[in-house]
Amino acid sequence: LISCEPDKSSIPADLAMGDQIVVALRKYQGEHGHYPDQLSELVPIYIPTINNPRYGQKTWDYVKYPKEGTFALFLWGGKSYHDGYMYDMSKGKWELVRNDF
C-alpha cells in the first residue's frame, strides 16, 4: 500500500531557503520602495541564486500586492489536498496552510 502522505523531511531546509528569499525581498524593497514583480529580479544582487524547494510542487509561489505594499511567498504541497506553507509578513514567520480535504 502506498501512503498518501507527502515526504516532509525537506521542509525545514526549504523554509530556511525561503527565509533567505524574504531577506532579499526586504532588501530590494528598501532600495526601490516596492517589491519586485518576479523573484528572478532579486538575482544576483540581493541573493546569489534562488533554488527550488524539494517539498511539494518544488517551486516558490510569489505574489506581489502593489496596492498594499506587501507580498506573499508560498510553498505548496504536491497535491491539492497536501498542506502548504505561507510566509506571514505581519508575524514575520512561516505559517502552515492546512488542506482539510
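All other residues with a Cβ under 14 Å from the Cβ of Met89 taken together, and with Lys, Arg as +1 and Asp, Glu as -1, what is their net charge? Intermediate values should be presented prior to the final figure.
Numbers: positive: Arg26, Lys64, Lys91, Lys93; negative: Asp19, Glu68, Asp88, Glu95.
That sum, taken over residues with Cβ under 14 Å, equals 0.
Over the chain, give the accessible area per residue in Å² for a 1.4 Å probe, as an integer. Let's see the in-between values first.
Numbers: 6430 Å² over 101 residues.
Normalised by residue count, the accessible surface of the chain is 64 Å².
Just to confirm the filter: which GluC sites (Glu not before Pro) across the chain are DSSP coil and have at most 12 other Cβ within 10 angstrom of their Cβ?
Working: sites: Glu31, Glu41, Glu68, Glu95; in loops: Glu68.
Sites meeting the loop and neighbour criteria: Glu68.
Provide, for the chain, the number of lysine pairs with alpha carbons under 24 Å apart, each pair being eight or more places apart or on different chains.
Eligible lysine pairs with Cα atoms under 24 Å apart amount to 16.
In whole Å, what is the distance between the alpha-carbon centres of segment 1-51 and segment 79-101?
15
How would you classify the chain from its alpha-carbon gyration tensor, with a ≥ b ≥ c the square roots of the eigenvalues: rounded for a/c under 1.5, else prolate if a/b is greater than b/c, otherwise oblate? Provide the component values of the computation, followed by the final result.
Values: a/c = 2.52, a/b = 1.80, b/c = 1.40.
Taking the square roots of the gyration eigenvalues as a ≥ b ≥ c, the chain is prolate.
Ignoring ligands, DNA and RNA, what percent of the accessible area of the chain is carbon or sulfur (1.4 Å)?
On the way: 3360 of 6430 Å².
Looking at the chain in its full context, I get 52 percent from C and S.
What order do His34, His82 take when sorted by accessible area (1.4 Å probe), most exposed first?
Working: His34 85, His82 20 Å².
Result of the area sort, largest leading: His34, His82.
Once you have the Cα-Cα distance between Asn99 and Lys67, take 0.36 nm times their residue separation minus that, and quote the gain in nm to one decimal.
Numbers: separation 32, 0.36 × 32 = 11.52 nm, distance 2.81 nm.
Between Asn99 and Lys67, full extension yields an extra 8.7 nm.
Any idea what the relative contact order of segment 1-64 is, in percent, if you count C-alpha pairs under 8 Å spaced at least 6 apart? Before the final figure, lay out the partial values.
Working: 47 pairs, mean separation 22.5, N = 64.
For segment 1-64, the relative contact order is 35 percent.
Under a point-charge model restricted to the Cβ atoms of Lys and Arg (+1) and Asp and Glu (-1), what is the dipole moment magnitude of the chain relative to its Cα centre, in debye to the nearest 20?
Working: 11 positive and 13 negative charges, 14 e Å.
In debye, rounded to 20, the chain gives about 60.
Got a number for the accessible area of Arg26? Probe 1.4 Å, square angstrom, nearest 10.
100
Using alpha carbons only, how many degrees (0 to 90, rounded to 10) separate the axis of helix 11-32 from the longest principal axis of the chain?
20
The values are calculated or read from the model by the stated rules, or taken from the named source; none is laboratory data. What you see is a predicted model; the values in this text were computed from it and never measured. Every residue, glycine as well, gets a Cβ built from its backbone with ideal geometry; the counts of neighbours run over all protein chains shown. Calculation scope for accessible area: heavy atoms of the full protein, side chains included, ligands and nucleic acids excluded. Shrake-Rupley method; radii C 1.70, N 1.55, O 1.52, S 1.80 Å.
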